[in-house]
Amino acid sequence: MKAIRKIERKHGGISVDNIEPPTPKEDEVLVQIKNASICGSDIHAYHFAPTHHFIQPPVTMGHECSGQVVEIGKNVTDYKLGDRVVIEPIVNCGKCESCLKGNHHICNNFNIRGMHRDGIFTEQVAVNPKFLHKIPDTLSFEKACLVEPTSVLTHAILDRSDIKAGDLVLVTGPGPIGLLAAQMVKVVGAEPIVVGIYSDEDVRLPLIREFGFQTINTSEQSISEALNEKYGRETVHAVVECSGASPVFQTSLEVVVKGGSITLVGIFANQVEANLSTAVRKEISIYTSFSQDWVNFERAIKLLDEGAIRTEEMVAYYQPDDAVDAFEDAIAKKVPKPVFTF
Ligand SMILES: [Zn+2]
Ligand SMILES: [Zn+2]
């Protein structure tokens, strides 16, 4: 079966290989992958960015997917053939302090699919059903592969921010995570304003505006100037940082209102320099948000199924053989979210 694999420790260095299909163990099910999407972290892996040097090729890439159960280990009772599912990306140990506290997503011994272990950019994967979520028939496989990135934002905004209805919220970074963040901000009744730069003006910022959200292009206008023009104020109640651009943290400290909150979602490419005295004097709450837990998968399934969060406008479909094109189109910001059809 086909698998998109990281085979070399360098930029690119991927290959579409033929690998042996897995055989599920007694406590596993076999999932036929239907759709799988490229995450920002897969792009870091593709670049072989310093933040992702922990990856040991060869490894099958990918963690965002939807699929269908096609084989069941003999000890599995709660799944049946044909069940439509999505798969959690993080394999946890269940035994460490974080796991025992219920924080499985920050397990001390965690293993992320497509990073530390083989992922899901392939035709079939054997999975322990504790990492599966059933999806309703009304949610297509195409949409369901975006449950995982959507759940990153339900976690960030519902669990890891102070955002309340009526707040003005700056979302920094207009990529797929930023667009999902803006929609999630809207879901809770707050108003998102999405920030990008000149190179986002071709595809990403126009797409954000198509969703009816305000945008700021900081290559043309400062954030405070734009806020003043649009809202008659120079601060926001909260920031959701989705760009991973190091200078954005200092900017966030400056534009958030006294007593406001900042939620860091993006993985910073470089060390961050910031004046934390500003944060102390303004009593800003700084949250970090990593991945998601079980309940956020369930929330994301519901929001996508209801249409409260839309993904159709941000995706383009690729065959696995065109994996390099899919990655390069995402890097060139031509396609917000490439999706493979297996
Ligand atoms: Zn992801
Ligand atoms: Zn653990």
Subject >> Neighbour-limited loop hits for GluC sites (Glu not before Pro), region 199-248 (at most 12 other Cβ within 10 Å; DSSP other than H, G, I, E, B) >> reply: E220
Original post:
Under a point spin-label approximation (7 Å from Cα along Cα-to-Cβ), what is the S277-A316 distance to one decimal in nm?
Top reply: 4.8 nm
Original post:
Say we join alpha carbon atoms closer than 10 Å with springs in a Gaussian network model of the chain; which of Y46, Y198, Y79 then has the biggest fluctuation?
Top reply: Y198
Original post:
In percent, how large is the relative contact order of the chain, given Cα pairs closer than 8 Å and 6 or more residues apart?
Top reply: 18 percent
**OP:** Springs between alpha-carbon atoms under 10 Å, Gaussian network over the chain: tell me which of P129, P247, P89 tops the mean-square fluctuations.
**Re:** P247
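Just from its helices, what would the mean residue ellipticity at 222 nm be for the chain, if runs of 4 or more DSSP H residues each count -39500 (n - 2.57) and the sum is divided by every residue, rounded to the nearest 500 deg cm²/dmol? Numbers along the way, then the final one.
Details: 11 runs with 89 residues, N = 342.
Mean residue ellipticity, 222 nm, calculated: -7000 deg cm²/dmol.
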**OP:** Once you have all Cα-Cα distances for region 267-334, histogram them in 5 Å bins from zero and send the whole-percent values.
**Re:** 3, 10, 11, 11, 14, 18, 14, 10, 5, 2, 0
Original post:
With Rg and the Kirkwood Rh both taken from Cα atoms, where does Rg over Rh land for region 10-114?
Top reply: 1.00
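Please give the net charge around V59, taking every other residue with its beta carbon less than 10 angstrom from that of V59, where Lys and Arg add +1 and Asp and Glu add -1. Show your work: numbers first, answer last.
Details: positive: R5, K6, R113, R117; negative: D118.
Spelling it out: positives minus negatives among the neighbours equals +3.
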Original post:
Any idea how far the Cα center of region 322-342 sits from the one of region 231-307, in Å?
Top reply: 27 Å
Original post:
Local charge sum around I120 (other residues, Cβ-Cβ under 13 Å, Lys/Arg +1, Asp/Glu -1)?
Top reply: -1
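Of all the Cα-Cα pairs you can form in region 161-288, what percent are over 17 Å apart?
Working: 4272 of 8128 pairs.
Counting pairs separated by more than 17 Å, the tail of P(r) holds 53 percent.
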Original post:
Rounded to a whole number, what is D in µm²/s for the chain from Stokes-Einstein with the Kirkwood radius over alpha-carbon pairs (25 °C, 0.890 mPa s)?
Top reply: 119 µm²/s
**OP:** Could you provide, to the nearest whole Å², the per residue accessible area of region 1-97 with probe 1.4 Å?
**Re:** 44 Å²
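Pull out the extension gain between N228 and H11, defined as 0.36 nm times the separation in residues minus the alpha carbon to alpha carbon distance; nm, one decimal.
Numbers: separation 217, 0.36 × 217 = 78.12 nm, distance 4.18 nm.
Net length gain for the segment: 73.9 nm.
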**OP:** Return the carbon/sulfur percentage of the accessible area of region 121-243, one whole number, probe 1.4 Å, all protein chains in place.
**Re:** 44 percent
Subject >> Under Karplus coefficients 6.51, -1.76 and 1.60, residue-wise ³J(HN,Hα) of region 46-53 in Hz, glycine/proline x >> reply: 4, 5, 6, 5, x, 5, 10, 5
**OP:** Go ahead and set up a Gaussian network model of the chain, Cα springs under 10 Å, then flag whichever of G175, G119, G189 fluctuates most.
**Re:** G189
Original post:
Per residue, what accessible area does region 161-288 have, given a 1.4 Å probe and all protein chains present, in Å²?
Top reply: 45 Å²
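The values are calculated or read from the model by the stated rules, or taken from the named source; none is laboratory data. As the structure is a prediction and not an experimental result, all values here were calculated from the model. Backbone-built Cβ (ideal geometry, glycine too); neighbour counts: all protein chains shown. Protein only, heavy atoms only, side chains kept; ligands, DNA and RNA dropped before computing areas. Shrake-Rupley method; radii C 1.70, N 1.55, O 1.52, S 1.80 Å.
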